[in-house]
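**Student:** I am attaching a structure below and will ask some questions about it afterwards.
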Amino acid sequence: MKITVKRKAFLEELPRVVEKLVNEYGSSLKAINIEEDEKGCYTVWATYESSTF
């Protein structure tokens, strides 16, 4: 089952947020999408494959 999690961050925090997601989900991580809003804040969407339901 694919699960998507959401994290909010400012530009200077993005590398740390992405690194934490990669460390947390490892090889089950399938996609990371980053969107910027009108206020300059970023939403990081991370999709991973879960073996539990």
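**Student:** State the dimensionless ratio Rg/Rh of region 2-49 (Rg: radius of gyration of Cα atoms; Rh: Kirkwood radius). Display every interim value, and only then the final one.
**Tutor:** On the way: Rg = 10.6 Å, Rh = 10.8 Å.
That ratio equals 0.98.
**Student:** Give me the net charge of residue 13's neighbourhood, meaning all other residues with Cβ under 11 Å from the Cβ of residue 13; Lys, Arg count +1, Asp, Glu -1.
**Tutor:** Details: positive: 7, 8, 16, 20; negative: 12, 19.
Neighbour charge sum, excluding residue 13 itself: +2.
**Student:** Related question: Can you tell me, using C-alpha contacts under 8 Å and at least 6 residues apart, the relative contact order of the chain as a whole percent? Don't jump to the answer; show the numbers that get you there.
**Tutor:** Working: 80 pairs, mean separation 27.5, N = 53.
That works out to 52 percent.
**Student:** Another one. Charges on Cβ only, +1 for Lys and Arg, -1 for Asp and Glu, centred on the Cα centroid of the chain; of 9, 31, 51, which one is farthest towards the dipole's positive end?
**Tutor:** Final value for the positive-end residue is 51.
**Student:** If you fit an axis through the alpha-carbon atoms of helix 14-25 and take the longest principal axis of the Cα set of the chain, what angle between them do you get, 0 to 90°, nearest 10?
**Tutor:** 10 degrees
**Student:** Shifting gears a bit: How much length, in nm to one decimal, is gained on full extension between residue 27 and residue 4, taken as 0.36 nm per residue of separation minus their Cα-Cα distance? List each step's numbers first, then the result.
**Tutor:** Numbers: separation 23, 0.36 × 23 = 8.28 nm, distance 1.47 nm.
Separation in residues times 0.36 nm, less the Cα-Cα distance, equals 6.8 nm.
The numbers here are math on the coordinates, done by the rules we state, and not lab data. Just so we're clear, the structure is a prediction, and the values are computed from it rather than from any experiment. Ideal geometry is used to build each Cβ from the backbone, glycine not excepted, and the neighbour counts take in all protein chains shown.
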